[in-house]
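So the structure is just underneath, and the comments pick up after that.
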Amino acid sequence: MKKIAVLTSGGDAPGMNAAIRAVVRTAVFHDMEVVGVFQGYQGLIDGDFKRLHVRSVAKILGRGGTILKSARCMDFHEAEGRKRAHVNLVEAGVEGLVVIGGNGTFTGAMKFGRETGFPVVGLPGTIDNDLSGSDSTIGFDTAINTVVDAVDKIRDTADSHNRLFFVEVMGRDSGFIALKSGIATGAVAVMTPEMGMSIEDLVAVLQAGEQSNKTSSIVIVAEGDPNGGAYEIAKRVKEKTDSYETRITVLGHLQRGGSPSCFDRVLASRLGVAAVEALRQGHHDVMAGVIDDKIELTPFDLAIGTKSSINEDEVRIARILSI
Ligand code: F6P
C-alpha cells in the first residue's frame, strides 16, 4: 500500500488532531503518501482532498477540534454517495482509508467497505465513549475532565446559596460522561439513559440528603435520560416538592472542545500508529482500540454494538458515596 487517506467524521472530539498527526507520520515513516479528506464523508463525495506532509501536522498534537473539519453527511447514507466517494478515492490513487469518528462514522464505513471492498480502518473518536472494542474512546477523558472542572465551579456557588443544581452533560444514548463525572464531583444522583431512575426515586434521594444535613446538591443528568433533559427533570421534581431552591446548567458543546488531556494524546497517538499498521497488514472493516492496555482490532459491526455505561461497581460506588 503506497497511498492512504484520512478523515474525521461526526461530532468532533479532543484528540482527533493527535490521531491525524499519528496517522500521517506513521504513513510517511513507512514511505507512504497521505491525503487529508476535508469535511468527513462529504469531502470524500466532493473530492475535497489535500496531500498531507510530515510538517502539515506539526503543532496540532495539543489542539482541540480537527484540522480536517468534520460533518454528519446525509449523502453518504445513500448508495449513490458512497459510489461517488469510491470513484474519487480510486481516481486519486488511494488504496486505503482511515476514518476517525463514532457510531455513525463506522456504520457508514461498514456499508462502504461491504459495497466496494475498499480497505477501511477506524479509530474511535467521540467524547461519548459508547463504542465496544476500546476501553476509552479518543476525547472521552478530556470531556470528563472538562465536566469535572465546570461542576467543581458550580459546586462553589451551589454551596454558598444552599441550592440544588441540575447539570446536564452530553450523552444522547449513553451515560459514560454522566456516571464518571458524577463520581468525580460527588453528585447526589446520576441520571443516564441506561439506569432508568424515576423522578420518585430521585426525590427520595434528595430528601434523604436533606435529612442528613446536605446543604447543596448536584444532580448530573445525561442529555438522553428518558425523563427528559435537566430542565424537564427539575420541573418534575418541583411538582413533587417545593423545598429546594433550584438552578440548572446545560454544559453543551463546551464538552467537545479544548486541548486534549495527556491520556487522550497518548491514546490517539497509539491508535493512529495502529490504524496505519493494520492497513499495511491487510486488515479492513475493523476499528483499532485499546483493551486492557493492548491494541485490539474489532470488526465495525461489533464496535457499534451497544456498550452500556452501567458498570455495576461504579453505580454502587456512586450510591454509597453520595449519602
Ligand atoms: O456524539 C457526540 C455528541 O457530542 C453527543 O454527545 C451529542 O448528543 C451530539 O454529539 C451532539 O451533536 P451535534 O454537535 O451535532 O449537535
Quiz item: Classify region 7-73: rounded, prolate or oblate, from the alpha-carbon gyration tensor (a ≥ b ≥ c, eigenvalue square roots; a/c under 1.5 rounded; otherwise prolate if a/b is larger than b/c)?
Solution: oblate
Exercise. Only bridges with both residues in the chain count here: give the DSSP antiparallel percent, nearest 5.
Key: 25
Exercise. For a quick protection proxy, order the peptides 54-66, 130-142 by their average other-Cβ count within 10 Å, most packed first.
Key: 130-142, 54-66
Quiz item: Taking the Cα centre of each part, how many Å lie between region 251-323 and region 90-155?
Solution: 8
Quiz item: For helix 16-29, what angle does its Cα long axis make with the longest principal axis of the chain, in degrees from 0 to 90 and rounded to 10?
Solution: 30
Quiz prompt | Shape of the chain, Cα gyration tensor, a/c cut at 1.5 | solution = prolate
Quiz item: Using the count of nearby Cβ atoms within 10 Å as a rough guide to exposure, how do Tyr244, Tyr41 rank from fewest to most?
Solution: Tyr244, Tyr41
Exercise. May I ask you to order 3-9, 235-241, 189-195 by the average number of other C-beta atoms within 10 Å around their residues, highest value first?
Key: 3-9, 189-195, 235-241
Quiz item: Among the listed pairs Lys83/Lys307; Lys59/Lys180; Lys214/Lys238, which are separated by more than 20 Å between their Cα atoms?
Solution: Lys83/Lys307; Lys59/Lys180
Exercise. Go through 200-208, 101-109, 25-33 and give me the packing order, highest mean Cβ count within 10 Å leading.
Key: 101-109, 25-33, 200-208
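Each reported figure results from applying straightforward, stated rules to the coordinates on display, with no laboratory input. The structure displayed is predicted, hence computed values, not measured ones. Methodologically, a virtual Cβ is constructed for each residue, glycine included, from the backbone with ideal geometry; neighbour enumeration extends over all protein chains shown.
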